[in-house]
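Engineer: Attaching a single structure in structure tokens format; questions to follow.
The values are calculated or read from the model by the stated rules, or taken from the named source; none is laboratory data. Please read these numbers as outputs of a predicted model, since none were measured by experiment. Quick reminder, even Gly has a Cβ in these numbers, built from the backbone with ideal geometry, and neighbours come from all protein chains shown.
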């Protein structure tokens, strides 16, 4: 939860910073001189997935808590605070606006948890979450995660499975 639980900073919360998970090509286009940190030695490398099939598994590996009743536990969702949108609804609309919030989805990013070789994984797309400000669009703190994770950490949160919402719930 981003809170120190021991030591001098016990009870102090980290400030959340917005970040994107995006395909390398998109990153290079936005930051032509950007650098990628990589360890000198990896076990299996960054192109290999030790959790083959996790995206499509019926039950999440090593998780024993409550599961969503109205959607797959491993459905991917985009979480902003107490609200979440399924990737399926984002794929359908490509852009969702709610108040000053703007969520966009574009194809072109492979799942790191589908096939052994990430380059052959299904396309889960690139998600960008921003807020409208007087200075233009500014990246917003969000998480692209699984439905069971949202249910575990935000049991009373709202998941939008259609847009505009017909019936929200998780």
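Engineer: Is it the case that some residue within the stretch 29-49 is within 29 Å of residue 86 (Cβ to Cβ), surrounded by 10 or more Cβ atoms within 10 Å (Cβ to Cβ), out of contact with any strand residue (DSSP E or B) (no Cβ under 9 Å at 6 or more places or on another chain) and at pLDDT below 90?
Structural biologist: Checking the stretch 29-49: at least one residue is within 29 Å of residue 86 (Cβ to Cβ), surrounded by 10 or more Cβ atoms within 10 Å (Cβ to Cβ), out of contact with any strand residue (DSSP E or B) (no Cβ under 9 Å at 6 or more places or on another chain) and at pLDDT below 90.
Engineer: So, in the stretch 104-141, of the ones that are within 14 Å of the chain's Cα centre (by Cα) and not in a strand (DSSP E or B), which residue ends up modelled with the lowest pLDDT?
Structural biologist: The extreme case among them is 112.
Engineer: Among all residue pairs at least 6 apart or on different chains, which show Cβ distances below 9 Å where the first residue, located in the stretch 25-38, is on the phi < 0 side of the Ramachandran plot and the second is part of a loop (DSSP other than H, G, I, E, B) and loosely packed, with under 10 Cβ neighbours inside 10 Å?
Structural biologist: These pairs meet every condition: 27/36.
Engineer: Which one of 69, 29 is outside any loop (DSSP other than H, G, I, E, B) and over 17 Å from the mean Cα position of the chain (by Cα)?
Structural biologist: Criteria check complete, one pass: 29.
Engineer: Another question, if that's okay. Go over the candidates 128, 102 one by one and state the one that is in contact (Cβ under 8 Å) with a residue 60 or more places away in the chain and closer than 20 Å to residue 16 by Cβ.
Structural biologist: Checking each option against the conditions leaves just 128.
Engineer: Moving on. Would you point out which residue out of 96, 77, 21 is touching a residue at least 60 places away in the same chain (Cβ under 8 Å), closer than 15 Å to residue 113 by Cβ, within 17 Å of the chain's Cα centre (by Cα) and not in a loop (DSSP other than H, G, I, E, B)?
Structural biologist: Unique residue meeting the criteria: 77.
Engineer: A follow-up question, please. Only residues that are outside any helix (DSSP H, G or I) and loosely packed, with under 14 Cβ neighbours inside 10 Å: list them for the stretch 142-155, please.
Structural biologist: 155
Engineer: Turning to a different aspect of this structure: Considering only residues of the stretch 50-72 that are surrounded by fewer than 11 Cβ atoms within 10 Å (Cβ to Cβ) and under 24 Å from residue 119 (Cβ atoms), which is modelled with the highest pLDDT?
Structural biologist: Across the stretch 50-72, the extreme among qualifying residues is 61.
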